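S.K.: Got a structure for you, written out below as structure tokens; questions coming shortly.
The values are calculated or read from the model by the stated rules, or taken from the named source; none is laboratory data. Remember, predicted model here, so these are calculated numbers, not experimental data. Glycine gets a Cβ as well: all are built from the backbone with ideal geometry, and neighbour counts include every protein chain shown. Side chains included, ligands, DNA and RNA excluded: accessible areas come from the protein's heavy atoms. Shrake-Rupley method; radii C 1.70, N 1.55, O 1.52, S 1.80 Å.
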Amino acid sequence: MDHAADVPDVFDPRIYAAGIPHERYRLLRERHPVARQAEPEIQGWPAGPGFWAVTRHADVVRVLRDHRTYSSWLGATQIRDPDPADLPFLRRTMLNQDPPKHGRLRRLVSRAFTPARVDAFAGRVRERARALLAAARQDAEDGAVDLVRAVTDEYALLNLTDLLGIPAADRALLLEWTVRIIGYQDPDDAPAPLIGPDGTPLNPRSPALLGEMFAYARELADHKRTHPGDDVLTALAGAGLDPAELEMFFFLLTVAGNDTVRSAAPGGLLALAGAPDAYRRLAQGSVPFDRAVDELLRVHPPVLSFRRTAAVDTELAGRSLRAGDKVVVFHASANHDERVFTDPGRLDLARTPNPHVSFGDGPHVCLGAHFARLQLRILYEEWCAAMPVPELAGPPRRLVSNFINGITRLPVRVSGRPG
């Protein structure tokens with residue numbers, strides 16, 4: 001049995017405001033690779049029954065690949081249990097489905113989200129990176145800017161809305177929705193939560209709070225059917241989805257699609273600021289950018305955790321799990337597993353092989369990984385071409401979240417010659 005004093009807490013979202021808790025993860029990997037975690041009430045969010053934390057790379061991959069044993073459909077994919085009344089609604093999105101039903105929806109959206117369509121946006125993505133970095137240098141006060149506000153938030157949002165085909169006048173809505181839905185655990189980053197009749201906060205992913213987004217999705221799909229373009233939403237509008245499926249695709253693409261790069265881009269630059277020698281090798285062309293992108297994703301995965309639910313009684317790393325138990329994989333821990341990665345605490349931009357799980361694994365591997373990698377590669381290339389060695393001008397601020405590995409403030413010096 002686990003002894004509570006021996007098992008570090010990796011659930012409390014406030015822990016992550018200080019950074020990824022690597023020492024806690026290391027202790028879990030070493031002593032309790034599948035460990036019971038309590039779910040106390042925190043910041044008004046109600047207590048839960050607890051869950052199993054999975055921290056070793058091999059076990060994380062096993063859970064993510066074995067959908068028959070570890071289901072996304074039974075309890076959805078967030079640590080907190082959803083309101084039972086919301087569960088049928090949450091199951092409409094492919095994120096919360098298991099094969100074979102998941103495969104049908106994934107194939108439909110894959111036809112819209114092709115690598116060729118993504119690659120066609122590379123020139124526009126590069127122009128945007130250059131323009132945002134140039135503006136950051138021009139607008140810097142005392143040689144420094146907050147890169148999140150000046151560069152990376154806009155970069156991620158505008159690239160995604162270009163690909164989706166969202167009108168420029170509506171783009172601020174997407175950032176508002178993303179902050180509300182992703183940052184809900186952070187009292188300083190998201191609007192104050194709405195309180196339900198039982199006195200507890202309402203889940204921002206519940207249907208009651210997504211009506212505005214869904215109405216917009218229906219209106220935009222109607223517009224695309226009569227005014228088609230070469231974009232993902234035009235393809236989805238004609239893909240034969242029912243209205244509820246289209247709404248949930250819009251939710252998934254606009255929120256998850258935006259926040260992947262919105263979290264990874266400042267995280268990668270923060271990692272480079274902490275390793276100036278590695279950055280110089282990258283800027284001098286000694287390291288391929290594609291390989292560097294994967295290493296930066298390894299050390300700063302956009303998503304910290306994902307939940308599954310045991311569909312049957314099973315065993316994992318010597319622990320007996322019962323059907324209905326919550327099983328939560330921790331990506332950042334798996335990415336630092338000493339059994340897989342040599343010297344995992346070192347930023348090795350040339351690392352190969354690099355089997356990180358920052359985009360997941362198995363049937364739910366991130367559909368937008370190609371687009372995310374393209375954006376990150378171009379941003380780092382343009383930074384190396386035009387900007388100085390990244391240097392912090394103040395402490396970064398991290399998102400209070402046990403789900404998204406977000407950076408909400410990143411003061412960096414941008415004056416000086418390219419390094």
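S.K.: Among (1) under 25 Å from Val287 (Cα atoms); (2) over 23 Å from the mean Cα position of the chain (by Cα), where does His336 come up short?
M.R.: (2)
S.K.: Out of all the residues in the stretch 116-127, which are part of a helix (DSSP H, G or I) and open to solvent by less than 80 Å² (accessible area, probe 1.4 Å)?
M.R.: Applying the first criterion (part of a helix (DSSP H, G or I)) to the stretch 116-127 yields 116-119, 122-127.
Once the filter is applied, which keeps residues that are part of a helix (DSSP H, G or I) and open to solvent by less than 80 Å² (accessible area, probe 1.4 Å), the stretch 116-127 yields Ala116, Arg117, Val118, Asp119, Ala122, Gly123, Val125, Arg126.
S.K.: Out of everything in the stretch 150-199 that is among the hydroxyl-bearing types (Ser, Thr, Tyr) and modelled with pLDDT of 60 or more, what residue ends up being nearest to the chain's Cα centre (by Cα)?
M.R.: Residues of the stretch 150-199 among the hydroxyl-bearing types (Ser, Thr, Tyr): 152, 155, 161, 178, 184.
With modelled with pLDDT of 60 or more added as a condition, the list becomes 152, 155, 161, 178.
Details: Thr152: 14, Tyr155: 15, Thr161: 17, Thr178: 11 Å.
Out of the qualifying residues, it is Thr178.
S.K.: Give me a count of the residues in the stretch 14-39 that are over 24 Å from the mean Cα position of the chain (by Cα) and surrounded by fewer than 14 Cβ atoms within 10 Å (Cβ to Cβ).
M.R.: 2
S.K.: Can you spot a residue in the stretch 363-381 that is open to solvent by less than 10 Å² (accessible area, probe 1.4 Å), under 27 Å from Val34 (Cβ atoms), modelled with pLDDT of 95 or more and not hydroxyl-bearing (Ser, Thr, Tyr)?
M.R.: no
S.K.: If you don't mind, there's one more thing I want to ask. Name the pairs: first residue in the stretch 406-419 and of a type in the set (Gly, Ala, Ser), second residue buried (at least 19 other Cβ atoms within 10 Å of the Cβ) and part of a strand (DSSP E or B), Cβ to Cβ under 7 Å, at least 6 apart or on different chains?
M.R.: Listed pairs, sorted by first residue: Gly406/Arg398.
S.K.: Only one residue in Arg91, Arg124, Arg68 is of a type outside the set (A, V, I, L, M), out of contact with any Cys (no Cβ under 9 Å at 6 or more places or on another chain) and closer than 21 Å to Leu316 by Cα. Which one?
M.R.: Working: Arg91 fails: closer than 21 Å to Leu316 by Cα; Arg124 fails: closer than 21 Å to Leu316 by Cα.
The unique qualifying residue is Arg68.
S.K.: Still on this structure: Kindly indicate whether any position in the stretch 306-314 is closer than 25 Å to Gly19 by Cβ, outside any helix (DSSP H, G or I) and within 24 Å of the chain's Cα centre (by Cα).
M.R.: In the first step, residues of the stretch 306-314 are kept if they are closer than 25 Å to Gly19 by Cβ; the result is 306-307.
Going one step further and asking which of them are outside any helix (DSSP H, G or I), we end up with 306-307.
The next check asks that each one be within 24 Å of the chain's Cα centre (by Cα); those that pass are 306-307.
Yes: the stretch 306-314 contains one or more residues that are closer than 25 Å to Gly19 by Cβ, outside any helix (DSSP H, G or I) and within 24 Å of the chain's Cα centre (by Cα).
S.K.: Could you please tell me which pairs satisfy a Cβ distance under 8 Å, a separation of 6+ or placement on different chains, a first residue in the stretch 301-323 that is more than 29 Å from Ala369 (Cα to Cα), and a second residue that is aromatic (Phe, Trp, Tyr) and in a strand (DSSP E or B)?
M.R.: Close Cβ pairs satisfying both conditions: Arg319/Trp52; Leu321/Trp52.
S.K.: Now a separate question. Mind checking whether some residue in the stretch 221-243 is out of contact with any His (no Cβ under 9 Å at 6 or more places or on another chain), open to solvent by 30 Å² or more (accessible area, probe 1.4 Å), within 16 Å of Asp170 (Cα to Cα) and in a helix (DSSP H, G or I)?
M.R.: Yes, there is a match, as at least one residue in the stretch 221-243 is out of contact with any His (no Cβ under 9 Å at 6 or more places or on another chain), open to solvent by 30 Å² or more (accessible area, probe 1.4 Å), within 16 Å of Asp170 (Cα to Cα) and in a helix (DSSP H, G or I).
S.K.: Among residues belonging to the stretch 77-89 that are in a helix (DSSP H, G or I) and open to solvent by 20 Å² or more (accessible area, probe 1.4 Å), point out the one that is farthest from Glu39 (Cα to Cα). If you could, list the steps in order and put the result at the bottom.
M.R.: Filtering the stretch 77-89 for residues in a helix (DSSP H, G or I) gives 87-89.
After this cut, where a residue has to be open to solvent by 20 Å² or more (accessible area, probe 1.4 Å) as well, the list is 87-88.
Working: Leu87: 20, Pro88: 23 Å.
Filtering first and then ranking leaves Pro88.
S.K.: Within the group Thr408, Thr342, which residue is polar (S, T, N, Q) and open to solvent by 40 Å² or more (accessible area, probe 1.4 Å)? Write out each step before concluding.
M.R.: On the way: Thr408 fails: open to solvent by 40 Å² or more (accessible area, probe 1.4 Å).
That would be Thr342, the only listed residue that is polar (S, T, N, Q) and open to solvent by 40 Å² or more (accessible area, probe 1.4 Å).
S.K.: Taking Phe306 and the conditions (1) open to solvent by less than 10 Å² (accessible area, probe 1.4 Å); (2) closer than 17 Å to Leu95 by Cβ, which numbered condition does it fall short on, given that it satisfies the others?
M.R.: (1)
Condition check ((1) assigned to a loop (DSSP other than H, G, I, E, B); (2) under 27 Å from Gly362 (Cβ atoms); (3) polar (S, T, N, Q)) across all residues:
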{"position": "Pro99", "(1), (2), (3)": "yes, yes, no"}
{"position": "Val109", "(1), (2), (3)": "no, yes, no"}
{"position": "Ala129", "(1), (2), (3)": "no, no, no"}
{"position": "Ala135", "(1), (2), (3)": "no, no, no"}
{"position": "Val145", "(1), (2), (3)": "no, no, no"}
{"position": "Val148", "(1), (2), (3)": "no, no, no"}
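S.K.: Restricting to the stretch 1-52, count the residues that are of a type in the set (A, V, I, L, M, F, W, C) and part of a loop (DSSP other than H, G, I, E, B).
M.R.: So the first thing to find is which residues in the stretch 1-52 are of a type in the set (A, V, I, L, M, F, W, C), and the list is 1, 4-5, 7, 10-11, 15, 17-18, 20, 27-28, 34-35, 38, 42, 45, 47, 51-52.
Restricting the remaining residues to those that are part of a loop (DSSP other than H, G, I, E, B) gives 1, 7, 10-11, 20, 47.
Residues flagged as of a type in the set (A, V, I, L, M, F, W, C) and part of a loop (DSSP other than H, G, I, E, B) within the stretch 1-52 amount to 6.
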